[in-house]
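Worksheet: the structure to be examined is printed underneath.
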C-alpha cells in the first residue's frame with residue numbers, strides 16, 4: 001500500500017529555512033512527509049548536514065544530497081523516484097510556509113485528491129489563483145507523463161504548466177483559504193539573495209519563458225491527452 005503524501009522541497013543556500021519549515025509543520029499539525037533535496041556543491045552544505053543530523057530521528061523528515069540539477073531537474077528526479085511509494089506528491093519551495101487553519105493544509109490536500117487523478121493548490125498570498133507556486137498532485141500524473149515538470153524548463157513558468165494540466169484534466173482545485181505563503185522578495189517578504197538573483201535573471205527569465213511557450217505550443221497537447229485518458233481510466 002503506497003504511503004500517503006510526500007512534500008519535496010529542493011533547497012539551496014538557505015539552511016535557515018529548515019527549522020522554519022519544521023516549525024510550520026508543527027504549527028499546522030501537518031503529518032505529510034518531507035524530503036529536503038540538497039546539492040552537494042552547496043556553499044551551505046555543512047549547515048544542511050547538521051540539520052539532517054538534528055532531524056534524523058523525526059520519521060517525517062528525509063534529506064537527500066546529490067549533484068546540482070536546478071529546481072526542475074531535482075524535482076523531477078525525486079518525484080519519479082517516489083511516485084510508486086507515495087499516493088500524492090507535492091512541491092514547496094524553501095521560501096513557502098504553510099499557515100494554520102481550522103483543518104490542516106495537508107489534510108485538505110488528501111481530501112481533494114482522494115477522488116482520483118488531480119491537482120490542488122492554495123493561496124500563496126502573492127499570485128493567488130493565477131499560479132500554483134506550491135502544488136500537490138496524485139502520483140499517477142508523474143507516472144503517466146514521466147515527469148512532474150517539463151524537463152526543458154529550469155525554474156520559472158512551471159507553476160503555469162501545473163495549472164494548465166489541471167484545467168486540461170478538468171481536475172484542478174484552488175483553495176483560497178488554504179494559505180501556503182510565498183515569502184518572496186516580490187512580496188517584500190524576503191531579501192534578494194544569490195538564489196533569487198540567479199533564477200530571476202534576465203537570461204533565466206528569457207530561457208524559461210521560451211521553453212514554456214515552446215512546450216505549450218507543442219508537447220502540451222500530447223501530455224493533456226495522456227492526462228485526460230488517465231482520468232477516464234480512473
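The values are calculated or read from the model by the stated rules, or taken from the named source; none is laboratory data. Note that the structure is a prediction, hence the values are computed from the model and not measured. Counting neighbours? That spans all protein chains shown, and the Cβs are built from the backbone with ideal geometry, glycine included.
Quick notes on this structure:
- Matching residues in the stretch 125-138 - criterion: being crowded, with 24+ Cβ neighbours inside 10 Å and either at pLDDT below 95 or not in a loop (DSSP other than H, G, I, E, B) (or both): 135, 136, 137, 138
- Test for residue 120: is it crowded, with 20+ Cβ neighbours inside 10 Å, at pLDDT 95 or above, in contact with a helix residue (DSSP H, G or I) (Cβ under 6 Å, 6 or more places away or on another chain) and part of a helix (DSSP H, G or I): no
- Residues in the stretch 192-234 that are at pLDDT below 95 and not in a helix (DSSP H, G or I) were compared, and the one that is nearest to the chain's Cα centre (by Cα) is 200.
- Among residues of the stretch 69-106 being under 17 Å from residue 180 (Cα atoms) and without any contact (Cβ under 8 Å) to a residue 40 or more places away in the chain, the one that is surrounded by the most Cβ atoms within 10 Å (Cβ to Cβ) is 103.
- Checked against (1) surrounded by 17 or more Cβ atoms within 10 Å (Cβ to Cβ); (2) touching a residue at least 60 places away in the same chain (Cβ under 8 Å); (3) assigned to a loop (DSSP other than H, G, I, E, B), residue 142 passes all but a single condition, namely (3).
- Just one of the numbered conditions (1) over 27 Å from residue 101 (Cβ atoms); (2) modelled with pLDDT of 95 or more; (3) surrounded by 15 or more Cβ atoms within 10 Å (Cβ to Cβ) is not true of residue 165: (1).
- On the stretch given as the stretch 107-116, residues that are on the phi < 0 side of the Ramachandran plot and surrounded by fewer than 19 Cβ atoms within 10 Å (Cβ to Cβ) total 5.
- Contact annotation: residue pairs with Cβ atoms under 9 Å, 6 or more positions apart or on different chains, pairing a residue in the stretch 179-205 that is under 24 Å from residue 109 (Cβ atoms) with a partner that is in a loop (DSSP other than H, G, I, E, B) and at pLDDT below 85, are 183/190; 184/190.
- Qualifying positions in the stretch 4-28 - surrounded by 14 or more Cβ atoms within 10 Å (Cβ to Cβ) and out of contact with any strand residue (DSSP E or B) (no Cβ under 8 Å at 6 or more places or on another chain): 13, 14, 15
- Scanning the stretch 182-191 finds one or more residues that are surrounded by 17 or more Cβ atoms within 10 Å (Cβ to Cβ) and assigned to a loop (DSSP other than H, G, I, E, B).
- Residues that are assigned to a loop (DSSP other than H, G, I, E, B), touching a strand residue (DSSP E or B) at 6+ places or on another chain (Cβ under 9 Å) and touching a residue at least 24 places away in the same chain (Cβ under 8 Å) do not occur anywhere in the stretch 150-165.
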